[in-house]
Amino acid sequence: MSDRLVLGVPSKGRLMEQTAEAFAAAGLTLRKIGNERGYRGEIAELPEVDVAFVSASEIAWHLKTGRVHLGVTGEDLINEQMSDAATRVTFLKKLGFGNADVIVAVPDCWIDVRTMADLAEIALPFRRAHGRWYRVATKYVNLTRRFFAANGLADYRIVESLGATEGTPAAGTAELIVDITTTGTTLRANGLRILDDGLILRSEANLIASNTAAWTPATEELLRTIAARMTA
């Protein structure tokens, strides 16, 4: 069992930059090792830490499976990949960036559909009119299923979205969506409206510890050091 702590951080884009800024503000310098396009790194002040630069969704998976001890990723990805997140990970600190809401949005022309209860009411009439259940386009399959079930909805079909989810109703591949939004501008541009009670989750980047990783006294001490600096 290794005494080296593995930290997963976002590998590209603004999320990577903001993560580096948050660590720098805590006196911890994240830097890549070797090729600038590589995926290995270190914390200059803590040589016992190995940094893995991977995508935010991979970080959530690595935290779930214990391949990293610590990671920076969004609550949306954690809750999508883990129905038992409360036991698999520990949220240490909200980092104040990567903010997005996971929401249910319907076409603005559905003037009588304002709530999840309204959505349930139209399911059967929609099926009678179209010969099928309405389709929900999303990348958040598990969050959608849990939220819809909690609101008593079972009569729908999920269409997994791999591209621009907000464009699927206009393209005719889905009737409504579950997606993330920050300002709602893109939704409005695509003729969509968030249901009054359609907020599934408010998400932002967090520093998260894996409860399933192989912890040693040395890695636990490194965790305490990083957490103390990040939460000071």
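The values are calculated or read from the model by the stated rules, or taken from the named source; none is laboratory data. Everything numeric here is computed off the predicted structure, so don't read it as measured data. No Cβ is skipped: glycine too gets one built from the backbone with ideal geometry, and neighbour counts run over all protein chains shown.
Name the residues in region 127-183 that are surrounded by 12 or more Cβ atoms within 10 Å (Cβ to Cβ), among the aliphatic types (A, V, I, L, M), under 22 Å from Leu77 (Cα atoms) and out of contact with any helix residue (DSSP H, G or I) (no Cβ under 8 Å at 6 or more places or on another chain), would you? Of everything in region 127-183, just one residue is surrounded by 12 or more Cβ atoms within 10 Å (Cβ to Cβ), among the aliphatic types (A, V, I, L, M), under 22 Å from Leu77 (Cα atoms) and out of contact with any helix residue (DSSP H, G or I) (no Cβ under 8 Å at 6 or more places or on another chain), namely Ala164. What do you reckon, is Ile103 in contact (Cβ under 8 Å) with a residue 60 or more places away in the chain, under 16 Å from the mean Cα position of the chain (by Cα) and under 22 Å from Thr165 (Cβ atoms)? Answer is yes for this residue.
Tallying residues that are among the hydrophobic types (A, V, I, L, M, F, W, C) and part of a loop (DSSP other than H, G, I, E, B) within region 131-184 yields 6.
The residue that is nearest to Ser2 (Cα to Cα), among those in region 46-60 that are assigned to a strand (DSSP E or B) and among the hydrophobic types (A, V, I, L, M, F, W, C), is Val49.
Residues checked against (1) in the same structural domain as Ala25 (by TED's automatic domain parsing); (2) of a type in the set (A, V, I, L, M):
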| site | (1), (2) |
| --- | --- |
| Lys93 | yes, no |
| Val106 | no, yes |
| Leu153 | no, yes |
| Thr186 | no, no |
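Restrict the check to region 218-226 and report whether at least one residue is over 30 Å from Met16 (Cα atoms) and free of Cβ contacts under 8 Å to residues at least 60 places away in the same chain. The answer is no; no qualifying residue exists. Checked against (1) crowded, with 17+ Cβ neighbours inside 10 Å; (2) over 22 Å from Ser210 (Cα atoms), Val49 passes all but condition (2). The number of residues in region 76-134 being farther than 14 Å from Ala205 by Cα and polar (S, T, N, Q) comes to 4. All conditions but one from (1) within 29 Å of Lys93 (Cβ to Cβ); (2) of a type outside the set (A, V, I, L, M); (3) out of contact with any helix residue (DSSP H, G or I) (no Cβ under 8 Å at 6 or more places or on another chain); (4) surrounded by 16 or more Cβ atoms within 10 Å (Cβ to Cβ) apply to Thr216; the one that does not is (4).
Of all residues in region 188-213, those satisfying the criterion of being surrounded by 15 or more Cβ atoms within 10 Å (Cβ to Cβ), aliphatic (A, V, I, L, M) and outside any loop (DSSP other than H, G, I, E, B) are Leu192, Ile194, Leu195, Ile200, Leu201, Ala205, Leu207, Ile208, Ala209.
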